[in-house]
Amino acid sequence: MSAIHSAGDLAIQSIVEQETTFLPALDMLPDLTPEQLAENRPWLRQAGAIDPNDVLILAFQSYVVRTPHHTILIDTCIGNDKPRPGRDKWNMKSDDTYMRALAAVGLGVGDIDYVMCTHLHVDHVGWNTRLENGRWVPTFPNARYVFGQTEFDYWTAQHAKTPVAPFGDSVLPVVDAKQAELVRNDYQIGDHVRLMPTPGHTPGHIAIAFGRGKDEAVMTGDLIHSPLQARYPELSAKFDVDKVQAAATRRTFLERYCDSDTLCCFAHFPSPSAGRVKRWGNGFRCDAFATP
């Protein structure tokens with residue numbers, strides 16, 4: 001069962017759909033040098049962040065945050081029944097892993113008050129919808145789905161040029177069902193939830209901060225994928241739309257929370273995926289992982 005993290009008056013749990021090998025480190029992080037990889041290989045192996053063939057291991061997960069007022073689901077992973085050619089582990093998936101993980105923390109689909117997406121990539125929107133009688137319908141019937149307006153506009157434009165399958169099957173049906181809220185970056189939910197613009201990975205990418213009066217916890221989304229990028233914030237992923245901006249965003253974020261009490265919940269770090277940020281030379285580390 002998922003570990004429970006307490007931060008202020010919040011309870012936070014992860015819903016893991018997959019934790020698996022993804023891409024070779026030197027492929028996913030194009031500016032990573034073989035020398036840097038060799039230097040960091042021992043602690044990355046110990047942390048479960050890389051396999052014996054130097055392939056990065058990533059978690060694909062949601063976070064559930066229970067505030068005193070709401071139950072909020074952050075990002076919705078991969079989903080079932082969705083054509084994802086080129087990604088064998090995601091293509092037309094039909095397992096019950098995600099729903100079992102949700103049930104294991106005592107929740108059903110009707111218990112979610114808000115679904116919040118840090119951005120609209122394929123592995124962050126999949127369970128927004130499910131297939132019902134040949135139609136895509138919102139998975140969480142009582143939830144308001146929060147999408148950043150900047151992010152939504154970007155993908156609307158991309159989808160108009162060339163259809164973007166995840167946008168078509170996992171975002172637009174929520175809008176059609178009138179369960180979506182397209183929001184600006186100053187959007188808040190009560191006194192516990194605030195958006196934080198973190199562009200670079202995508203133009204409208206956001207992190208989400210939780211806590212009354214201060215940031216007790218923050219959900220990173222894809223401003224960082226691997227603990228290796230904490231040590232070297234300049235290493236941007238091949239999927240970042242603006243790699244220079246992504247690197248600047250990553251360092252600013254890590255500096256902001258370094259040596260603070262804020263619990264950083266990393267979207268793709270291997271388990272345990274949440275911890276505090278500490279300084280490490282000119283970079284940073286997550287205290288959940290043992291490093292030299």
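The values are calculated or read from the model by the stated rules, or taken from the named source; none is laboratory data. From a predicted model like this one, the values you see are computed outputs, not experimental measurements. Because the Cβ atoms are built from the backbone with ideal geometry, glycine has one as well, and the counts that use them run over all protein chains shown.
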In this structure, does Val241 turn out to be within 17 Å of Ile208 (Cα to Cα), under 18 Å from the mean Cα position of the chain (by Cα) and modelled with pLDDT of 95 or more?
-> no
Considering residues of the range 1-51 that are of a type in the set (S, T, N, Q) and under 18 Å from Ala104 (Cα atoms) only, the residue surrounded by the most Cβ atoms within 10 Å (Cβ to Cβ) = Ser14
Restrict the check to the range 114-127 and report whether at least one residue is of a type in the set (A, V, I, L, M), over 30 Å from Thr150 (Cβ atoms) and either out of contact with any Cys (no Cβ under 7 Å at 6 or more places or on another chain) or not in a loop (DSSP other than H, G, I, E, B) (or both).
-> no
Looking for whichever is within 30 Å of Asp9 (Cα to Cα) and within 17 Å of the chain's Cα centre (by Cα) here; the options are His124, His70. Which one fits?
-> His124
Of (1) closer than 18 Å to Ile12 by Cα; (2) part of a helix (DSSP H, G or I); (3) within 18 Å of the chain's Cα centre (by Cα), Arg100 satisfies every one except (3)
What tally of residues in the range 251-275 results from selecting those that are hydroxyl-bearing (Ser, Thr, Tyr) and under 21 Å from Gln18 (Cβ atoms)?
-> 2
Checking Leu73 against (1) surrounded by fewer than 19 Cβ atoms within 10 Å (Cβ to Cβ); (2) outside any loop (DSSP other than H, G, I, E, B); (3) aliphatic (A, V, I, L, M), which test does it fail?
-> (1)
Subset of the range 249-292, residues of a type in the set (A, V, I, L, M) and surrounded by fewer than 16 Cβ atoms within 10 Å (Cβ to Cβ), comes to Ala290
Answer with yes or no whether Arg250 is touching a helix residue (DSSP H, G or I) at 6+ places or on another chain (Cβ under 9 Å) and either of a type outside the set (A, V, I, L, M) or touching a residue at least 40 places away in the same chain (Cβ under 8 Å) (or both).
-> yes
May I ask you to list the residues in the range 52-70 that are surrounded by fewer than 19 Cβ atoms within 10 Å (Cβ to Cβ) and touching a helix residue (DSSP H, G or I) at 6+ places or on another chain (Cβ under 8 Å)?
-> Pro52, Asp54, Val55
Across the range 77-109, what is the total count of residues that are within 21 Å of Gly275 (Cα to Cα) and surrounded by 23 or more Cβ atoms within 10 Å (Cβ to Cβ)?
-> 1
